[in-house]
Every structure is written in structure tokens, then in C-alpha cells.
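Scroll down for the structure; my scribbles are underneath it.
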Amino acid sequence: MSSRIELDHVRQTFWVRGDDDKQLREFVALDDLSLAIGEGEFLTVVGPSGCGKSTVLDLIAGLAHPSGGRLTVDGVAVTGPGRDRSVVFQQYTLLPWRTAQGNVEFALEAAGVKGRGERREQARHYLALVGLAEFANRYPHELSGGMKQRVAIARSLSYEPQVLLMDEPFGALDAQTRERLQEELLGIWRRTGTTVVFITHDIDEAVFLGQRVAVMSARPGRIKEVIDVDLDREAAGETDLRATPAFAAYRHHIWTLLREQHGAPVQRSLEEVRTVA
Ligand SMILES: Nc1ncnc2c1ncn2[C@@H]1O[C@H](COP(=O)(O)OP(=O)(O)OP(=O)(O)O)[C@@H](O)[C@H]1O
Ligand SMILES: [Mg+2]
């Protein structure tokens, strides 16, 4: 598998105010973080809250520049956002003056889909995929939090970008919707060969979706371990993959890696994980 995205000894610092609220200090969010993501790979990233997951995604998206190290996509240094990379952010980011349908159509237009009818059809298709066919004409303020997030997901999927960057996209959804969208996302990934980088707090979700799971450590954020997930989905057939001993072994391994980390944030994060599971 050739490497499409490469982070090479990446460092990211921020200037933050100190306790005295006057002095600016350098805060090291990521340090010496190296990670190669293959073409067409589905990589999931887990780590405690505040360890730098969103920061990594922002860097790949080109929304921020690393303070140190090198970040390339297809061998070219990332200097800004590009249409090849689409982001589903942790917070909802819809245009409030456009309906759900209008939001998806807008993205298709920006992506260069010329025909109006084609944009309408494609937007309808993806809104139906996320279960919002009946809500296409609603404005964001008329939608629930989870619905808004589903519109954002439909929008990102609609133009089938080469790289899909997803920051806890299913966090606000109920268990059934979440599982359905996980299956849909896997289906789209298999069909389109898009490269997916998917951040989650949920260990089960990371193992279920990822071909590899990158576990991050906190302070400063770096990659602790990357685990190859080798689950036989075909053999599992109708049985719940999550209930198989192989799945449980991966879950336990990652849980142990996260638990090994010290400090309160890790404990909080694990509790969140348990609540979700
Ligand atoms: N613009 C910024 N200025 C200052 N500090 C920042 C900035 N962005 C992020 N940070 C800090 O960098 C660290 C990593 O933040 P980030 O949002 O990447 O964490 P995360 O792993 O995505 O957390 P969560 O799981 O809670 O979403 C945090 O300590 C955060 O406070
Ligand atoms: Mg985050």
C-alpha cells in the first residue's frame, strides 16, 4: 500500500495564556508525531480527550500548518485546504440560510458538479442515505443536533472526495443510526476506494471500522501504537462481529493501551468510552 498521507515528526504548538493571564506560553499539542496513511486505507484514531486528534485532522485538512516536521499528501507538502480532502467536523458546520438539501447542493456546486438536476438528485440520494429524505427542506435551526450532523455527513459523502477526514462524526447519534451509518460508510469506502481518517472516542467503533487503529497518547500528543485489525467480516456473516472473541481481543488491547496512560483526562475518556459502548 503506497502512502498517500505522511506525517513525519510533526510538531504543533499553540500560544496560550498562562495562569497569571498575562504571559503567553508555548503549549505543545503534538510532538514528534509520525504516521503514514495508505492510499484507500480506512484508518481510525482513538485517544484521550485533548490529546490532539482534531489538531491532527486540521493539519491534514490544511486548515493549520505544523510548527515543525513535514506533512505531505501524495508527496506534496500540504499548504492549505483542497477539494481532494473533505472534512466532517466535530461541531456542526452548516450554512444556516440554506436548507438541508441546499447545504448538500452547495457542496456539490463547489466540487464542480455542473448540472442543476444532477446536484438535486445527488443531494436527495445522500440525504436519504443518512435517513433525512423527509427533512430535505428544513433549515439547520429546524433540525436536531444529530440531524445536523447527518446533513454534514451527507454533504461530505456527496461529492466522493479522495480523502475523507471525519472527526467523531457519529458522536451525537443514537446507537441504531450510528450502526447504520457505520455500515453505509464502510459500503461507500469499499465502493469508492476513498481514503478515510476517522476519529472516535469509541473503541468499538474504531475496531469495527478501521483496517488499522492508531492509538494516541496525551501530552504531548503522539502515536502510541498502530494496530492492524484483521477481522474476517465474511466469516462473521449474520453474527454480530462485535460479539466475536477476535473483536473482544482487539477491544481489550486498545482499552489497555488507553488505560496505561496516566492522569485524569484518560480516566474521563475511558468512562466516556464505556458509556458509549
Ligand atoms: N487554537 C488553539 N489554541 C490553543 N490551544 C489549542 C488550540 N487548539 C487546540 N488546542 C489545545 O491542543 C490540545 C489538543 O486539542 P484537540 O482539539 O486536538 O484535542 P482532541 O484530541 O481532538 O480532543 P477531544 O477528544 O476532546 O475532541 C488541547 O490541549 C487543546 O486545548
Ligand atoms: Mg477533537
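Our summary gives the range 92-160 a relative contact order of 50 percent, counting only alpha carbon pairs under 8 angstrom and 6 or more residues apart.
Put the Cα centre of the range 31-88 next to the Cα centre of the range 166-180 and the gap is 22 Å. Ordering Leu209, Leu63, Ile223 by the projection of their Cα atoms onto the charge dipole of the chain, which places +1 on the Cβ of Lys and Arg and -1 on the Cβ of Asp and Glu, puts Leu63 at the extreme positive end. For the range 213-224, the Karplus equation 6.51 cos²θ - 1.76 cosθ + 1.60, evaluated at θ = phi - 60°, returns couplings of 10, 9, 9, 9, 10, 9, 6, x, x, 8, 7, 7 Hz by residue, with Gly and Pro reported as x. Per residue of the chain, the DSSP helices (runs of n ≥ 4 H) give a summed -39500 (n - 2.57) that works out to -11500 deg cm²/dmol at 222 nm. Less than 5 angstrom separates the built amide H of Ala29 from those of Gln12, Thr13, Phe14, all sequence-distant by 5 or more or on a different chain. Spin-label pair His125-Leu186: with each label point 7 Å from Cα along the Cα-Cβ axis, the two points sit 2.3 nm from one another. Couplings for the range 50-55, taken from phi via the Karplus curve 6.51 cos²θ - 1.76 cosθ + 1.60 with θ = phi - 60°, read x, 7, x, 5, 5, 4 Hz in order; Gly and Pro are left as x.
Placing unit charges on the Cβ atoms only, positive for Lys and Arg and negative for Asp and Glu, gives the chain a dipole magnitude near 700 debye about its Cα centre.
When +1 charges are put on Lys and Arg Cβ atoms and -1 charges on Asp and Glu Cβ atoms, the dipole computed for the range 129-253 relative to its Cα centre reaches about 460 debye. Rounded to the nearest whole Hz, the Karplus-based 3J(HN,Hα) values (6.51 cos²θ - 1.76 cosθ + 1.60, θ = phi - 60°) of the range 127-143 follow the sequence 5, 5, 4, 9, x, 10, 3, 7, 10, 4, 9, 7, 8, x, 5, 9, 10, with x at glycine and proline.
The lysines within cross-link reach of Lys53, meaning a Cα-to-Cα straight distance under 29 Å and a gap of 8 or more places when in the same chain, are Lys22, Lys148, Lys224. When only the Cβ of Lys, Arg, Asp and Glu is charged (+1, +1, -1, -1), the dipole of the range 1-140 relative to its Cα centre reaches about 600 debye. When the Cα positions of Leu241, Pro48, Gly102 are compared along the charge dipole of the chain, Gly102 comes out farthest toward the positive end, with charges on each C-beta of Lys, Arg, Asp and Glu.
Where in the range 98-125 does the amide nitrogen come within less than 17 Å of the point 7 Å from the Cα of Glu142, taken along Cα to Cβ? Those under the cut-off are 98-105, 124. Viscosity 1.567 mPa s, temperature 4 °C: Stokes-Einstein D of the range 128-216 from its Kirkwood Cα radius, in µm² per second? The calculation lands on 94 µm²/s. For Ser34, the residues whose modelled amide H falls within less than 5 Å of its own, excluding neighbours fewer than 5 places apart on the same chain, are His9, Val10, Ile223.
Any read-out appearing in this document is the output of simple, stated calculations on the displayed coordinates, not a laboratory observation. Predicted model, so just to flag it, every value in this text is computed and none were measured. Ideal geometry is used to build each Cβ from the backbone, glycine not excepted, and the neighbour counts take in all protein chains shown.
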